[in-house]
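The structure appears below as structure tokens.
The values are calculated or read from the model by the stated rules, or taken from the named source; none is laboratory data. Predicted model only: the values in this text are computed from it and were never measured. Positions of Cβ are generated from backbone atoms using ideal geometry, with glycine treated the same way; all protein chains shown enter the neighbour counts.
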Amino acid sequence: MDKKSVRAVAVTIFSGVLFLESMFAGGVASEETGKVLDGMRGLRRVNNVHYLVTNSYSGSQDIVQQTQEIWADLLDETWAAEYKNTDADGAMTFLKEFCDGVTVNSYQAGVWSQWNGYSTTTDIPNYQALTNPGYREEDVVSAECVDLDDGATQIIFSLSGQQLKEKRDQALDLIEPAGMEVEDDTEQMDKMSVYYQQYQKTGYQNERIAYTINKSGVLTGMEYSFDVKRPKVVIKGGEQKLEGEEEYAMGVKIEVLSYNQANIPKVIRKCAADAGYDR
């Protein structure tokens with residue numbers, strides 16, 4: 001197995017953030033899906049939008065959270081974002097980004113620079129999660145609509161977990177387990193072999209996705225979550241091995257805080273000025 005493949009698997013196994021954009025595909029058949037698509041069309045028609053994304057991981061006593069606050073002008077495709085990461089010890093890191101539609105400028109440790117942050121494209125972060133269905137129709141186990149007190153509607157889909165399993169298997173296909181022992185870095189290959197086996201035996205359950213649509217017919221929220229069960233990696237006799245099980249939950253929540261508001265472009269212009277743009 002070449003080192004490029006090892007790095008690819010390391011990224012897959014150790015990544016704590018679910019990038020939902022990679023999961024958005026599928027058919028359109030149900031009445032509930034039709035309502036979701038109508039809400040998404042309503043959101044795509046707005047001029048600007050401000051929303052909060054919260055990615056979370058929780059297992060045993062650990063809770064890890066990442067938040068992204070996004071201000072986007074859909075007319076000129078500029079946007080600003082603030083990222084905050086909080087680890088299990090409560091330590092926080094902060095990063096800010098501004099996109100002029102052509103390049104992404106990142107701010108951290110008091111310095112602005114291009115293409116040095118989270119974003120690798122000029123796409124508005126996680127906007128696709130609000131404008132494209134995050135499930136396949138064939139994976140829907142059940143669906144229900146709930147009327148909320150403020151006149152909004154929440155549509156909840158329980159999913160089979162099949163899409164998660166397929167993505168796990170696609171990641172496993174990147175490597176060749178039989179080739180792990182022939183690399184020069186034997187210790188590193190042994191470690192990766194253990195994590196490969198762990199990932200191979202990872203199971204998913206309680207997958208669900210819920211959308212909120214306000215009384216004006218605009219989609220204003222999305223929540224996606226699932227539980228993970230996998231063998232636990234322990235160190236015994238100086239060697240890593242699988243023993244017992246561990247469980248944790250992963251999820252992402254996106255809340256549209258406002259749209260079509262005059263202050264949203266102002267926030268973006270302020271971020272542009274801070275990044276050295278004369279707008």
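Taking the conditions exactly as written (modelled with pLDDT under 90 and surrounded by 15 or more Cβ atoms within 10 Å (Cβ to Cβ)), does residue 189 satisfy them or not? Quick ask: steps written out before the conclusion?
Values: modelled with pLDDT under 90: yes; surrounded by 15 or more Cβ atoms within 10 Å (Cβ to Cβ): yes.
Here the answer is yes, as residue 189 does meet what is asked.
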Every listed condition ((1) more than 24 Å from residue 132 (Cβ to Cβ); (2) at pLDDT 95 or above; (3) more than 25 Å from the chain's Cα centre (by Cα)) holds for residue 267 save (3)
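One line per residue, one yes/no per condition, for (1) over 26 Å from the mean Cα position of the chain (by Cα); (2) among the aliphatic types (A, V, I, L, M); (3) farther than 20 Å from residue 37 by Cα:
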residue	(1), (2), (3)
218	no, yes, no
222	no, yes, no
247	no, no, yes
262	yes, yes, yes
273	yes, yes, yes
Picked from the stretch 234-264 (must be closer than 26 Å to residue 207 by Cβ and among the β-branched types (Val, Ile, Thr)), the residue surrounded by the most Cβ atoms within 10 Å (Cβ to Cβ) is 254
Only one of (1) touching a residue at least 40 places away in the same chain (Cβ under 8 Å); (2) farther than 30 Å from residue 217 by Cα; (3) surrounded by 19 or more Cβ atoms within 10 Å (Cβ to Cβ) does not apply to residue 106, and that is (1)
Flagged in the stretch 192-233 as outside any loop (DSSP other than H, G, I, E, B), at negative phi and loosely packed, with under 13 Cβ neighbours inside 10 Å, in numbering order, are 205, 232
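For (1) at pLDDT 50 or above; (2) polar (S, T, N, Q); (3) within 25 Å of residue 227 (Cα to Cα); (4) not in a loop (DSSP other than H, G, I, E, B), each residue gets a yes or a no:
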{"site": "1", "(1), (2), (3), (4)": "no, no, no, no"}
{"site": "6", "(1), (2), (3), (4)": "no, no, no, yes"}
{"site": "13", "(1), (2), (3), (4)": "no, no, yes, yes"}
{"site": "26", "(1), (2), (3), (4)": "no, no, yes, no"}
{"site": "32", "(1), (2), (3), (4)": "yes, no, yes, yes"}
{"site": "38", "(1), (2), (3), (4)": "yes, no, no, yes"}
{"site": "66", "(1), (2), (3), (4)": "yes, yes, yes, yes"}
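If we scan the stretch 175-186, do we find a residue that is part of a loop (DSSP other than H, G, I, E, B), of a type in the set (A, V, I, L, M), touching a helix residue (DSSP H, G or I) at 6+ places or on another chain (Cβ under 8 Å) and at pLDDT below 95? Give the derivation first.
The first filter runs over the stretch 175-186 and keeps only residues part of a loop (DSSP other than H, G, I, E, B), leaving 175-176, 183-185.
Next cut, of a type in the set (A, V, I, L, M) only: 175.
Subset that is touching a helix residue (DSSP H, G or I) at 6+ places or on another chain (Cβ under 8 Å): 175.
Checking which are at pLDDT below 95 leaves us with 175.
Looking through the stretch 175-186, at least one residue is part of a loop (DSSP other than H, G, I, E, B), of a type in the set (A, V, I, L, M), touching a helix residue (DSSP H, G or I) at 6+ places or on another chain (Cβ under 8 Å) and at pLDDT below 95.
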Residue pairs within 7 Å by beta carbon, gap of at least six or interchain, first lying in the stretch 220-247 and over 30 Å from residue 40 (Cα atoms), second among the hydroxyl-bearing types (Ser, Thr, Tyr), listed first then second, are 230/202; 233/195
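If you check 264, 254, which single one turns out to be in contact with a Phe, Trp or Tyr (Cβ under 7 Å, 6 or more places away or on another chain) and part of a helix (DSSP H, G or I)?
On the way: 254 fails: part of a helix (DSSP H, G or I).
Exactly one of 264, 254 is in contact with a Phe, Trp or Tyr (Cβ under 7 Å, 6 or more places away or on another chain) and part of a helix (DSSP H, G or I), namely 264.
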Residues of the stretch 143-174 being modelled with pLDDT under 90 and among the acidic types (Asp, Glu), in sequence order, are 173
Log entry, pairs with first residue in the stretch 87-103 being over 13 Å from residue 123 (Cβ atoms) and at pLDDT 70 or above, second being of a type in the set (Ser, Thr, Tyr) and in a loop (DSSP other than H, G, I, E, B), beta carbons closer than 7 Å, six or more apart or on different chains, reads 95/118; 100/277
Considering the stretch 41-57, residues that are aliphatic (A, V, I, L, M) and buried (at least 19 other Cβ atoms within 10 Å of the Cβ), and then whichever is farthest from residue 217 (Cα to Cα), we arrive at 53
Within the stretch 127-150, residues being in contact (Cβ under 8 Å) with a residue 12 or more places away in the chain, over 26 Å from residue 69 (Cα atoms) and not acidic (Asp, Glu) number 6
